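The structure under discussion appears below in the form of C-alpha cells.
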Amino acid sequence: MTLSNFRFSRLNAVYAGLFSVVLLGLLAMFGTERLSSLVFDEYQRLKPREYAQAPVLVVDIDEASLEALGQWPWPRSQLAEIVNVLASNGAAAISFDVAFPEDDRSSPSRSLETLRELGAEISFPDGAPELDNDVLFAEALQQAPAVIGFALDRQFVSKLPEPKAGWAYGGPDPKAILQKYYGSMDVLPLIEQAAQGLGFFSFIHAFDGVVRKVPIIAVSEEHTYPSLALETLRVAQQASNFIVMSTGASGEADTGLPAVVSVRVGGFTAETNADGSLWIYYSGRAGDNTLPVKSLLDGSLGSQQLQERIAGHIVLIGTSAISLRDLVVTPLSQVYPGVNVHAEIIDQIMSGTFLHRPDYMAGLEYALALIAIIFMVVAVRPGRFTISAILAMLMLAGAIGLSWYMFAERHLLLDPIPLLFAILVSYFSITLLQYLGSEQEKRFIRNAFGRYLAPSLVERLTENPSALNLGGETRELTLLFCDIRGFTTISEELSPQELTQLLNNFLTPMTDELLKSQATIDKYMGDAILAFWNAPLTVENHRTAALGATVHMANRLDALNAEKGYGIRMGVGLHTGECLVGNLGSTQRFSYSVIGDAANVASRIEGITKYYGLTLLFEQSLLEGGTTIPEGYRALEVDRVRVVGRDSPLVLHTLIEKSALNNEAAFYETHDAFLAAYRGGRFEEAQEIISRLTGMAPDRIRPMYETFANRLSGFVASPPPGWDGVFDFTEK
C-alpha cells in the first residue's frame, strides 16, 4: 500500500461526498431565498434593463406641488381639474396610484349640510351650484380614459368591486394557484363607477422589504382582477378583456400542473411566473419622464409644450413625497416612488423583456449541485492541494459565470447558491479529510523514520510521502556495514556501564555522520551499524555520499580516540546493488529494513576488512555511475576475492589519503605492478615488489601489504592449483 492510499482512499472521498449531499439536502430544506435574492439584485445592478422609453408619463405629487397646492388630500375638484387637463391634452390613459376610500371631506356640500344642521338658512337665487367635489371628480373621470387603483387584502374580508374587463383563458383555469384575496380597501362607489378601469396596486414585499416581483393578476372567490399597470395598459389600448395563457394551451408546454404562462392585453403580452406574478426587471429610469403635478395648473408650461408631454402617453399619478409614505425599496434603490414601480412594469411589458424563473429551475440547480459534488469526489486527488484549490476556484467561477450568462443573455434566474455551496462544501470536506490523513501520515512517517533518517530527510518525506512505498520495492542501494574491531575482547574488559558508555560514545558520532550524508539507519546490532542510501528517498550520487560518510566516520573515530583515550578500531564494508526495501516484519511489529544479496555482500566485505587490516573496503560497484571520490583521497584496488556462496569474484578497493603518500605516482605505479605480478602467478616477483611497497605505504594500509606478504610466502612454497588471480575465502 502506498502512503497516498494510506492517507486518502477513495472511500474517504465518498464519505466526503455523502456528507456534502446531506448538507445540500439541509440547504434545500431551509432554502436559499435570502442569499439568492441578493445575488439577483446584484445582477440587476450590474446590468439593469435597457430603458424602452415607452410613452409613460409620471405626474408626481412631489414636495414642491404639496407646498404650492396645499397638504394632501387635495379637494377632488382640484383632481377633476387635473384629469381635465390631462384628458384635453390627449392622454392615452390616466391612472391613479392613489386610494379613494371615502367622501371628500373638503367638499362644499359637506360644509353646507353641516351649517343647515346647525339651523342656518342658506339659499341661492339662481339655483344651487354644483357643490359636491366627488361629483365633479366623477364627471371628469367619466370623460377621460381613467383608471382607479385600490388595495387588496388577503385577511380582511369585505365586498370587492366589480371588475371592468372580461377574462378569457387559453388552457386549464389556473385560478387555484393565483394570489387569492378576500377583501379590499373600499373605493367610493361614485368614483368606482365613473372610472373606465380598476386595478389593484398591491406589491409583494420580500423578507427584506424589497419589491422584486408583483402579482399582475389576482383572484377573489368570484372575480379575477388585473394589477394597476396591466389595467392601465388595457385602457390605453381601449381593449375590452385580458387573455390568460396557461400550461397546456396550444403552443404552451404542459407540465401537468396548472400554471400561468402569460397574460395578453391588446397588443402586448406579459410573461409571468406560474402564480401570475411578474419578476420586475428594473431599468431604474422609469422616473426619467416625470412632471410635477403643479406644472399642470400653474401655467409654467405653455399649451403646446404641455400637449407634447402628455399626448399619447400613459399617465400615472402618484407621489414621491416622503410625507405621503408611498416609497419602496427596489434592487436598484433604497428610496423609490411606488408610482415609478408601476411605470417600470408598463415599460417592461411594452419592451417585451422579462425575467423568468421556471418551476423546474430549483430542481435543475440542485441537480447541478449534485453533479458538482460527484465531480469533486472523482476529480480531487490525494495530496494535490494546490490543484484541488485551483479546480475548486475554476468551478466556482464557472458556477457564477453560468448563472450570470443565464441572466444576462437568457433572462433566466439561475440561482448559483446551491452550486456554489456544493462546490465549497465538497472541496472543504474532501480537503479536511486530506489534511487529517496527511497529518496522520506525517505522524506515521516521523514515528517510522525519525530514528533512521536525518531530520531534513524526515521533513522531505512528510512533504512528499508519495516517494515512499511501504509495501516493499526493489531499489538500487548503497549499503554500509560497520562494527568495532575486537569488540568481544573489549567487552570482556569493561563493566556493563562502561561498555554502554563506550558504545554510545562510538555510535553517536558515527550515526551523526551517516544522517548528515542522507543515509537511512536500518538497525544497530550491538557494536555494529547497518545503513543504506537511496531509500526511502532517492539520493542523487548515493555512492559518492557513502564514500564521503565513511571518510568522516574515520575522522570522527580518530577524534573520539584522542578525546577519550580509547583505542577503538572499526571496519566498514560498502557495496552497491539491488535490494528489497520496505516495511518488513510481522503484523504486530515491523520496521523499515532491507534484505537481499547486496546486503549480504556488504556484510561479507566488512568482515574481510579484518583480514586485510583496513578500516574501509568497498566493491567495484561503488566506482560506477559517476562516483566522485572524496576530496584529498584516491581509490586503491586491493584484491579480487571469492566469498563462500558466490561464484563471481568481488573487486575490492579502499581509499588512501593523498597527503600520506610521499610520491603518489610512484606508489600507484608500483602497486599496479604488484597486482599484475600477483594475478599473473609470478609470486616471487610479487614478493620482491611487496617488500618495496611496505616501505612506501602509509601506516593505515601497511597491514594490507603484510597480509599479502604472508600469503605470498605460502604461494611460493605451494602455488595454488588453477590460479586465476582471485583469492578464495573459505569461511564466512
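The values are calculated or read from the model by the stated rules, or taken from the named source; none is laboratory data. Only a predicted model underlies this, so the values are computations on that prediction, with no experimental measurement involved. Cβ atoms come from the backbone with ideal geometry, glycine included; neighbour counts cover every protein chain shown.
For the criterion of being over 28 Å from residue 555 (Cα atoms) and of a type in the set (Asp, Glu), residue 669 fails.
Restricting attention to segment 624-665, and to residues there that are assigned to a helix (DSSP H, G or I) and either small (Gly, Ala, Ser) or surrounded by 16 or more Cβ atoms within 10 Å (Cβ to Cβ) (or both), which single residue is nearest to the chain's Cα centre (by Cα)?
For segment 624-665, the residue satisfying everything is 659.
Checked against the criterion of being more than 22 Å from residue 614 (Cα to Cα) and in contact with a helix residue (DSSP H, G or I) (Cβ under 9 Å, 6 or more places away or on another chain), the candidates 578, 513 yield just one match: 578. Entry remark, segment 212-229: residues being in contact with a helix residue (DSSP H, G or I) (Cβ under 8 Å, 6 or more places away or on another chain) and closer than 19 Å to residue 96 by Cβ number 6 in total. Can you confirm whether segment 467-485 contains a residue that is within 34 Å of the chain's Cα centre (by Cα) and either at pLDDT 90 or above or part of a helix (DSSP H, G or I) (or both)? For segment 467-485, residues within 34 Å of the chain's Cα centre (by Cα) and either at pLDDT 90 or above or part of a helix (DSSP H, G or I) (or both): present.
Residues in segment 694-732 that are assigned to a helix (DSSP H, G or I) and either among the aromatic types (Phe, Trp, Tyr) or on the phi > 0 side of the Ramachandran plot (or both): 705, 708, 715.
Which condition does residue 357 not pass, out of (1) more than 38 Å from the chain's Cα centre (by Cα); (2) under 29 Å from residue 31 (Cβ atoms), if it passes all the others? Unmet for residue 357, out of (1) more than 38 Å from the chain's Cα centre (by Cα); (2) under 29 Å from residue 31 (Cβ atoms): (1). Residues 247, 232: which one is buried (at least 17 other Cβ atoms within 10 Å of the Cβ), polar (S, T, N, Q) and closer than 24 Å to residue 340 by Cβ? Matching residue, one of 247, 232: 232. Selection over segment 311-363 of residues that are without any contact (Cβ under 8 Å) to a residue 24 or more places away in the chain and in a helix (DSSP H, G or I) gives a count of 1.
Quick grid of which residues meet (1) modelled with pLDDT of 95 or more; (2) of a type in the set (A, V, I, L, M); (3) assigned by TED's automatic domain parsing to the domain that holds residue 424; (4) in contact with a helix residue (DSSP H, G or I) (Cβ under 8 Å, 6 or more places away or on another chain):
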{"position": "301", "(1), (2), (3), (4)": "no, yes, no, yes"}
{"position": "311", "(1), (2), (3), (4)": "yes, yes, no, no"}
{"position": "316", "(1), (2), (3), (4)": "yes, yes, no, yes"}
{"position": "327", "(1), (2), (3), (4)": "no, yes, no, yes"}
{"position": "346", "(1), (2), (3), (4)": "yes, yes, no, yes"}
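Residue by residue, here is whether (1) farther than 30 Å from residue 233 by Cβ; (2) modelled with pLDDT under 90; (3) assigned to a helix (DSSP H, G or I) holds:
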{"residue": "11", "(1), (2), (3)": "yes, yes, yes"}
{"residue": "19", "(1), (2), (3)": "yes, yes, yes"}
{"residue": "39", "(1), (2), (3)": "yes, no, yes"}
{"residue": "54", "(1), (2), (3)": "no, no, no"}
{"residue": "59", "(1), (2), (3)": "no, no, no"}
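Considering only residues that are aromatic (Phe, Trp, Tyr) and under 23 Å from residue 54 (Cβ atoms), look in segment 333-370 and name the one that is surrounded by the most Cβ atoms within 10 Å (Cβ to Cβ). The residue in question is 336.
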